[in-house]
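All remarks here apply to the structure that follows.
The values are calculated or read from the model by the stated rules, or taken from the named source; none is laboratory data. Since we're looking at a predicted model, the values are computed, not measured. Positions of Cβ are backbone-derived with ideal geometry, glycine not excepted, and every protein chain shown enters the neighbour counts.
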Amino acid sequence: MRRLFVILCWCASSCAAKATDPAAVDDTAAVVDTSDNASIDGASGGDIGANITCGENWAQGYCVKFTFHGQKFDGRTFTLQRDLTGTSSTVVFGNSHMQPPAASLAIHDTWQLGPFKDVLDFTLVFGNLVDAPGFPPFVPNAADYPFSCKPPYVDFSYGNIRYRSTCPGLQGDINVKLWTATPGQQFTGRFSGHLQQYLPGPGGSDDCNPSDAAATCKSALNTVDVEGTFGLTLPALNSDVAP
């Protein structure tokens, strides 16, 4: 089972994705590698795709393009898309560790890429959506949320390097186009920006604390540009399976 552990009042849940407009996005899981030096030739859950367009008309799913810069993967570019319909522990919508009516939302997905099954762990955290005593909302409505030390944020690991949008000074944003906190309704949008190598300590860190951020974000040798879209039909609160 895929698991997502989120500090403070974040949460993650499992969700399924499907393109409602076939012209916008294929609704199969796929990976496309467009770089000269990459050897990715497949992905868990789907076949190699071609000409993937990260359209916005997902009923249940996401698409994300990565462009790497720096030492290890400099110049590598590829795109992933996932139909999440009926998946478990991928879209998390819950409040089991918060005071209702607080409810937190996230996507956490794991890919195995290429002949050596290289792991890419992708997380898109929105955090608490609904105001509640002791749990202020991070995404209380449809709006544009610039990258900051707080949710919403993008976080992923690939090739034993972790990247995150919470480091100081990074340009980017997560735009929520359709907002809801009601199961069965649509939560959609897009994201893009620049991520930096992230080195959390064994005991965790507070990305809004300058001294912690100086340690977790001390290396800027590896960075990545991301852009993508998401569309979720919210599952029942604290459900393990997406609609």
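Numbers at a glance
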read-out	value
Count of the range 198-234 residues which are within 20 Å of residue 151 (Cβ to Cβ), touching a strand residue (DSSP E or B) at 6+ places or on another chain (Cβ under 7 Å) and not hydrophobic (A, V, I, L, M, F, W, C)	5
Search result, residues across the range 191-227 that are at positive phi and either assigned to a strand (DSSP E or B) or aromatic (Phe, Trp, Tyr) (or both)	193
Residue match in the range 151-167 (condition: modelled with pLDDT of 95 or more, over 30 Å from residue 73 (Cβ atoms) and not acidic (Asp, Glu))	no
One residue from 152, 210 being over 24 Å from residue 66 (Cα atoms) and not hydrophobic (A, V, I, L, M, F, W, C)	210
Residue selected from the range 60-104 under the condition surrounded by 24 or more Cβ atoms within 10 Å (Cβ to Cβ) and outside any strand (DSSP E or B), by the criterion modelled with the highest pLDDT	103
Residue check, residue 118 more than 21 Å from residue 231 (Cα to Cα) and crowded, with 21+ Cβ neighbours inside 10 Å	no
Set 125, 176: member being within 22 Å of residue 217 (Cα to Cα), part of a strand (DSSP E or B) and touching a residue at least 12 places away in the same chain (Cβ under 8 Å)	125
Scope the range 150-173; condition on the phi > 0 side of the Ramachandran plot and touching a residue at least 40 places away in the same chain (Cβ under 8 Å); matching residues	159, 172
Test: residue in the range 117-129 that is on the phi < 0 side of the Ramachandran plot, more than 17 Å from the chain's Cα centre (by Cα) and modelled with pLDDT under 95	yes
Members of the range 179-190 found to be in a strand (DSSP E or B) and of a type in the set (Phe, Trp, Tyr), listed by number	187
In the range 136-191, residue surrounded by the fewest Cβ atoms within 10 Å (Cβ to Cβ) [restricted to those that are among the β-branched types (Val, Ile, Thr) and out of contact with any Asp or Glu (no Cβ under 7 Å at 6 or more places or on another chain)]	182
Which listed residue is closer than 23 Å to residue 92 by Cα and touching a residue at least 60 places away in the same chain (Cβ under 8 Å), from 197, 186	186
